[in-house]
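Take a look at the structure set out below.
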Amino acid sequence: MILDRLAREVEALIFASERPLSVEQLCEYTGSGEDSIHQALDRLNKSFLDQQHALMIIEVAGGFRIATDREFGDVVSQLFEGRKPGKLSRAALETMAVIAYSQPCTRIAIESIRGVNCDSAIRTLLERDMIKISGRMETPGRPLLYSTTRAFLEYFGLSNLDHLPRFDEIEELLGMSSSELEERDLFGTGEE
Amino acid sequence: MNEQTVSTGYRIELDAFEGPLDLLLYLLRRDEIDIYDIPVAHVADQFLKYIRRARELDLDIASEYLVMAATLTKMKSKALLPTHKFDGEEEADPGAELRRQLILYRTFRMIAEELQKSEETWTEIYTSPGERERWSSDKTEIEPGQASLLDLLKALSSLSEGEPELPSQRIQRTLLTISECIGTLEHRILPGRTISFREIIGPEPARLKIVSYFITILELMRRGWINCHQAYPFSEIQLQRTERWSVDS
């Protein structure tokens, strides 16, 4: 299969870009329409697949990127040995979950949900650029507000915040009075 | 559930839990309790048993567990007391707030598990150049105005790491042993001559010298190698060699 000019331009742009390139950006740089870009991306990925490349184009953090196949994770990881940080702890993941769904939020809000002190988990997430300080709440004490970062999306392979697993209920739950809760079993009692 | 399984259950350490809510959810699941119908007294007892066991094992109990223990105890006592209902007054359910907290926490714990699965998948996938640069030795430069508080703190701590050591000076401790002093005095306190203590230590002596020679004088007196004369307290001490010096040494 011989790739057309547009597909190869898209490939070159994505390869050379520092950040994920959005469809809009790809349109702008190639002077093509959105549909053409999507089709070009499909052709590229088909050609990667047909020729059994170790690469593919994925959508992550609001744009497209060239990525290695999961199969080669072990081989590639040698390049980053000793530099790649370890997996997140349960405390960090829980804290991450709360921030992702109720951002921007304060430390107190996170702690009231988790029921434990979250200082060190927040520090870890800040150090790993998963969250950032996005401002202060205009209440007494002006507590810091935390939000997720682009690195968070990339780390968990999310193309944007809307792609978080759907839990529409959370927002309601956070504000809902306990008597309302009584009437609806959101997660099925079989869960626990 | 028989006694055996109950006791093994306790052996799980508190460290395994992410706080009191996590422990409570574990207890509910273990005893197959519906989260919407929590028998407060039973759950409170189980929770307290756990805390007590942790205490016996001398484990550190985070304050959050103690707060929860107190809350549960309060709820239990409320549940046991007879309630007086007045017309038109809604009876507050003591378990309602706890239920809300538990459900909310359980949801986020579930999300955390989902995130963990994604993490599992995505740490195997490498993009180029992108995020992997983060782990390369040289950091990307931060644009003016883009530095976060954390960047500044990191910069500050790296500054203090590289701070040159303050100039230091070695001070040698001079030791003056009694035998050394005796060696010196051998040439100063000569047979048939009288010498004063002040003459021995010389003008403007260091404190160490005064003390060392004074102790040496005491030692020599003990051995009977010298005689000392002092006209009155704090006056000059006159020293004379005895014959024993030559005999003993």
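The values are calculated or read from the model by the stated rules, or taken from the named source; none is laboratory data. Model, not experiment: these values are computed from the prediction. Positions of Cβ are backbone-derived with ideal geometry, glycine not excepted, and every protein chain shown enters the neighbour counts. To get the accessible areas, we keep the full protein, side chains included, count just its heavy atoms, and leave off ligands, DNA and RNA. Shrake-Rupley method; radii C 1.70, N 1.55, O 1.52, S 1.80 Å.
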What residues have an amide H closer than 5 Å to that of A:Leu145, excluding those fewer than 5 places away on the same chain, when H is modeled at 1.01 Å from N in the peptide plane? A:Ser134, A:Gly135, A:Arg136, A:Met137
Just tell me the longest site-free run in chain A, where the sites are trypsin sites (Lys or Arg not before Pro) in a DSSP loop having at most 14 other beta-carbon atoms within 10 Å. A:1-82
Which whole-number percent gives the relative contact order of chain A, counting Cα pairs below 8 Å spaced six or more residues apart? 16 percent
Cα gyration tensor, segment A:1-116 - rounded (a/c under 1.5), prolate or oblate: oblate
Using a/c under 1.5 as the rounded threshold, could you call segment A:5-71 rounded, prolate or oblate? The axes a ≥ b ≥ c are square roots of the C-alpha gyration tensor eigenvalues, and prolate needs a/b larger than b/c, oblate otherwise. oblate
Computed over segment A:90-178, the convex hull of the Cα set has an average projected area, in nm², of 6.3 nm²
For A:Ser22, enumerate residues with amide H under 5 Å from its amide H, sequence gap 5+ or separate chain, H modeled in the peptide plane. A:Phe64
By its C-alpha gyration tensor, with a ≥ b ≥ c as the square roots of the eigenvalues, how is segment B:178-248 shaped: rounded for a/c under 1.5, else prolate for a/b larger than b/c, else oblate? oblate
Per-residue HN-Hα couplings for segment B:204-221 [Karplus 6.51, -1.76, 1.60; θ = phi - 60°; Hz; x = Gly/Pro]: 6, x, 6, 4, 4, 5, 4, 5, 4, 6, 5, 5, 4, 4, 4, 4, 5, 5
Can you work out the Karplus-derived ³J(HN,Hα) for every residue in segment A:126-136? Use 6.51 cos²θ - 1.76 cosθ + 1.60 with θ = phi - 60°, whole Hz, and x for glycine or proline. 5, 4, 8, 6, 7, 10, 9, 7, 10, x, 10
XL table A:Lys84/B:Lys117; A:Lys46/B:Lys117; A:Lys46/A:Lys84; A:Lys87/B:Lys117; Cα-Cα > 20 Å flagged, in table order, is A:Lys46/B:Lys117; A:Lys46/A:Lys84
Tell me, what ³J(HN,Hα) does each residue in segment A:113-124 have, in order and in whole Hz, if you take phi through Karplus 6.51 cos²θ - 1.76 cosθ + 1.60 with θ = phi - 60° and put x for Gly and Pro? 7, 7, x, 9, 5, 10, 3, 6, 5, 5, 4, 4
For B:Ser157 and A:Ser147, what is the calculated FRET efficiency with R₀ set at 25 Å and r taken between the beta-carbons, to the nearest 0.05? 0.55
Accessible heavy-atom area order of B:Ile201, B:Ile171, highest first, probe of 1.4 Å: B:Ile171, B:Ile201
Note on segment A:5-71: contact order normalised by length, alpha-carbon pairs under 8 Å, 6 or more apart, percent, works out to 36 percent
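So which trypsin sites (Lys or Arg not before Pro) in segment B:175-249 are both in a DSSP loop and have at most 14 other Cβ atoms within 10 Å of their Cβ?
Numbers: sites: B:Arg188, B:Arg193, B:Arg198, B:Arg207, B:Lys209, B:Arg222, B:Arg223, B:Arg241, B:Arg244; in loops: B:Arg193.
Taking segment B:175-249 and a limit of 14 other Cβ atoms within 10 Å, the loop trypsin sites (Lys or Arg not before Pro) found are B:Arg193.
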Long-range HN-HN contacts of B:Tyr126 with modeled amide H, under 5 Å: A:Thr68
Only loop residues by DSSP count here, and only those with at most 11 other Cβ atoms within 10 Å; note down the chymotrypsin sites (Phe, Trp or Tyr not before Pro) in segment B:148-249 that meet that. B:Phe234
